[in-house]
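Written out below as structure tokens is the structure these notes cover.
The values are calculated or read from the model by the stated rules, or taken from the named source; none is laboratory data. A quick note: this is a predicted structure, and the numbers were derived from the prediction, not measured. Neighbour counts run over all protein chains shown; Cβ positions are idealised from the backbone, glycine included. Surface accessibility is based on the protein's heavy atoms, side chains included, excluding ligands, DNA and RNA. Shrake-Rupley method; radii C 1.70, N 1.55, O 1.52, S 1.80 Å.
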Amino acid sequence: MLFDSHAHLNDEKLINRMDEVIENAKKNNVAKVVCVGYDYDSSVLAIKLAEKYDSVYASIGIHPSEAKTLSMDLSWIEEHINNSKVVAIGEIGLDYYWDKTFKQEQIELFRNQVMLANKYKKPIIVHMRDATKDTYDIIKEYKSREISGVMHCYSSSKEVMQQFIDLNMYISLAGPVTFKNAKVPKEVAKAISLDRLLIETDSPYLTPTPFRGKTNEPKNVLYVAEEIAKLKGVTIEEVEKQTYINACRLYNIEMKEVK
Ligand code: NI
């Protein structure tokens with residue numbers, strides 16, 4: 001069974017054909033999907049989808065690109081955090097790639113959401129782009145070691161990877177690991193210990209080979225698993241099973257039987 005640890009089912013590209021998307025996922029043996037919010041509306045929608053579909057769980061939070069003011073309102077996160085299908089706070093983090101204008105606002109927003117995660121003992125889903133040092137420093141300083149988290153669509157080096165693992169973070173690989181010229185994600189896949197690895201689609205973005213150019217959806221997490229198995233020289237069953245167990249452990253989801 002496969003676990004897509006990060007997908008935006010709440011995106012307009014997917015939302016109108018959700019029954020089909022869920023059905024396609026089942027056909028490819030994708031048993032669970034975490035639907036990730038990036039602001040208030042998308043988080044509430046993630047919860048609605050999680051309540052409608054058994055196989056779907058929700059993560060709620062505010063993405064760094066939404067940071068425009070200091071002291072953003074986070075009370076709605078606290079209002080929804082104890083919903084039984086809300087499994088994480090995310091996606092949160094730092095992104096200096098698109099826009100550095102709101103750097104201080106991003107830092108404060110990230111820090112405050114990490115502290116909320118500590119308070120409610122929820123794992124964090126971290127988005128990091130061109131901001132490795134600041135992201136690392138905030139996680140190191142503010143995240144309780146007891147709670148875990150995941151570096152989603154991880155794209156930094158294998159050396160940095162180990163530093164995040166040492167802070168009790170998992171590493172999640174997405175479609176780019178299947179791209180022919182993606183040297184760094186392939187190195188990370190080879191180097192990482194299977195027990196710290198998750199897989200994801202980040203649907204509707206980052207469609208893996210051989211479907212590049214099409215809208216991504218959770219069924220395609222299979223191709224991420226296949227490529228990682230090839231790179232590590234293990235069976236796809238091993239990658240499926242261990243990443244499934246890891247995701248259930250991270251998100252605190254009860255495992256029935258794992259095939
Ligand atoms: Ni995402």
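The residues of region 216-235 that are assigned to a loop (DSSP other than H, G, I, E, B) and open to solvent by 60 Å² or more (accessible area, probe 1.4 Å), listed by number, are Gly233, Thr235. Of all residues assigned to region 27-37, none qualifies as being open to solvent by 10 Å² or more (accessible area, probe 1.4 Å), of a type in the set (A, V, I, L, M, F, W, C) and in a helix (DSSP H, G or I). For region 59-82, the candidate set comprises residues that are hydrophobic (A, V, I, L, M, F, W, C) and within 20 Å of Asp95 (Cβ to Cβ); within that set, the residue that is surrounded by the fewest Cβ atoms within 10 Å (Cβ to Cβ) is Leu70.
Specify which of the listed residues (Leu94, Leu45) is within 26 Å of Ser155 (Cβ to Cβ) and not in a loop (DSSP other than H, G, I, E, B).
Values: Leu45 fails: within 26 Å of Ser155 (Cβ to Cβ).
Going through Leu94, Leu45 in turn, the sole match is Leu94.
It is to be established whether one or more residues within region 42-52 are within 13 Å of the ligand (Cβ to nearest atom) and not hydrophobic (A, V, I, L, M, F, W, C). The answer is yes, given that some residue of region 42-52 is within 13 Å of the ligand (Cβ to nearest atom) and not hydrophobic (A, V, I, L, M, F, W, C).
The lone criterion from (1) more than 15 Å from the chain's Cα centre (by Cα); (2) touching a residue at least 40 places away in the same chain (Cβ under 8 Å) left unmet by Ser5 is number (1).
Within region 188-201, being open to solvent by less than 10 Å² (accessible area, probe 1.4 Å) and either among the charged types (D, E, K, R) or at pLDDT below 95 (or both) holds for one residue alone: Glu200. Here Leu198 fulfils each of the conditions (1) under 26 Å from Tyr38 (Cβ atoms); (2) away from the ligand (no atom under 16 Å from the Cβ) apart from (2).
Can you name the residue in region 236-259 that is at pLDDT below 95 and more than 21 Å from Ala58 (Cβ to Cβ) and is also surrounded by the fewest Cβ atoms within 10 Å (Cβ to Cβ) among such residues? Step by step, filter region 236-259, then rank; the result is Glu257.
Screening Leu70 on (1) out of contact with any Phe, Trp or Tyr (no Cβ under 8 Å at 6 or more places or on another chain); (2) within 20 Å of Ile47 (Cα to Cα) shows it passes everything except condition (2). The single residue among Pro204, Pro185, Pro176 that is closer than 14 Å to Ala25 by Cβ and at pLDDT 95 or above turns out to be Pro204.
Of all the criteria given as (1) closer than 25 Å to Arg249 by Cβ; (2) surrounded by fewer than 18 Cβ atoms within 10 Å (Cβ to Cβ); (3) not hydroxyl-bearing (Ser, Thr, Tyr), the one not satisfied by Val56 is (2).
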